[in-house]
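The values are calculated or read from the model by the stated rules, or taken from the named source; none is laboratory data. Computed from a predicted structure; not experimentally measured. Cβ sites come from the backbone with ideal geometry, for glycine too, and all protein chains shown count toward neighbours.
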Amino acid sequence: MLQGKKINLRTVWESDLELIYKLMTDVAEVGEHWLLEIPAEPAFRRGFNERGFWHDDFGRMLITDKQDNILGEIIYFRNADYRAGYELGYQIYKRRDRGKGYMSEALALFSSFLFAVKPIPRLQVTVIAGNHSSRRVAEKCGYRYEGTLRHAAFHLGKFVDLELLALLRENCLPLEQFDNENET
């Protein structure tokens, strides 16, 4: 478990599967900028059963509050074999939990963790153009805008641009800083 001030990050437990699937497929809660891809439940469960949602090229951690209530998720994945590093995705499941700083803390902590345990030079996120909240989260965590991927995703009946932001290893806070924050 990774501990922040407001949130914790932890791996997925089998007992979480039913609730997570319900939360991640609640179309009414995902928001206007989330790409509506609903995984089939058997494939979702198979992903957990095969590797626990954690392996070299993909990992999912849950974002919880300090009482272990599930708030959202953060994932890493390799989006192309030739790229050095990973892409990250993140989501707070319920609208009522957004705008409280949970995601900024989760992204900063997760980024530091990945740089501490993986020999990678960079991490990146892509956000739908116009998703100012998600872009602000990434920028607050040190991610810098690198460009726009034009018509890179299909969303709500049309092609949309994605903004690419990246964080280099040397610009990321060390994981130890989070340990020091917990000691004060």
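State yes or no: is R83 charged (D, E, K, R), farther than 25 Å from L23 by Cβ, more than 15 Å from the chain's Cα centre (by Cα) and at pLDDT 95 or above?
On the way: charged (D, E, K, R): yes; farther than 25 Å from L23 by Cβ: yes; more than 15 Å from the chain's Cα centre (by Cα): yes; at pLDDT 95 or above: no.
Taking the combined requirement at face value, the residue does not satisfy it.
How many residues, within the range 58-71, are in contact with an Asp or Glu (Cβ under 9 Å, 6 or more places away or on another chain) and at pLDDT below 95?
0
Looking at I63, I75, can you tell me which residue is within 20 Å of L164 (Cα to Cα) and under 14 Å from the mean Cα position of the chain (by Cα)?
On the way: I63 fails: within 20 Å of L164 (Cα to Cα).
The unique qualifying residue is I75.
Of all residues in the range 128-165 being charged (D, E, K, R) and part of a strand (DSSP E or B), which is surrounded by the fewest Cβ atoms within 10 Å (Cβ to Cβ)?
Narrowing the range 128-165 to residues charged (D, E, K, R): 135-136, 139-140, 144, 146, 150, 158, 161, 163.
Keeping just the survivors that are part of a strand (DSSP E or B) gives 144, 146, 150, 158, 161, 163.
Details: R144: 13, E146: 12, R150: 10, K158: 8, D161: 15, E163: 20.
This residue is K158.
Within the range 7-21, work out how many residues are assigned to a helix (DSSP H, G or I) and either of a type in the set (A, V, I, L, M) or touching a Ser or Thr at 6+ places or on another chain (Cβ under 8 Å) (or both). Quick ask: steps written out before the conclusion?
At the first step, the residues of the range 7-21 found to be assigned to a helix (DSSP H, G or I) are 14-21.
Pick out the ones that are also either of a type in the set (A, V, I, L, M) or touching a Ser or Thr at 6+ places or on another chain (Cβ under 8 Å) (or both) and you get 17, 19-20.
Here the count works out to 3.
Check whether at least one residue in the range 83-92 is within 15 Å of I7 (Cα to Cα) and surrounded by fewer than 18 Cβ atoms within 10 Å (Cβ to Cβ), and report yes or no. If you could, list the steps in order and put the result at the bottom.
Of the residues in the range 83-92, the ones within 15 Å of I7 (Cα to Cα) are 90-92.
Then drop every residue that is not surrounded by fewer than 18 Cβ atoms within 10 Å (Cβ to Cβ), which leaves none.
There is no residue in the range 83-92 that is within 15 Å of I7 (Cα to Cα) and surrounded by fewer than 18 Cβ atoms within 10 Å (Cβ to Cβ).
Whether any residue in the range 101-119 is touching an Asp or Glu at 6+ places or on another chain (Cβ under 7 Å), surrounded by 15 or more Cβ atoms within 10 Å (Cβ to Cβ) and modelled with pLDDT of 95 or more is what I want to check.
Quick first cut of the range 101-119, residues touching an Asp or Glu at 6+ places or on another chain (Cβ under 7 Å) only: none.
No, because not a single residue in the range 101-119 is touching an Asp or Glu at 6+ places or on another chain (Cβ under 7 Å), surrounded by 15 or more Cβ atoms within 10 Å (Cβ to Cβ) and modelled with pLDDT of 95 or more.
Looking at D68, D26, can you tell me which residue is over 28 Å from F154 (Cβ atoms), in a loop (DSSP other than H, G, I, E, B) and touching a residue at least 12 places away in the same chain (Cβ under 8 Å)? Show your work before the answer.
Numbers: D26 fails: over 28 Å from F154 (Cβ atoms).
Just a single option satisfies the conditions, and that option is D68.
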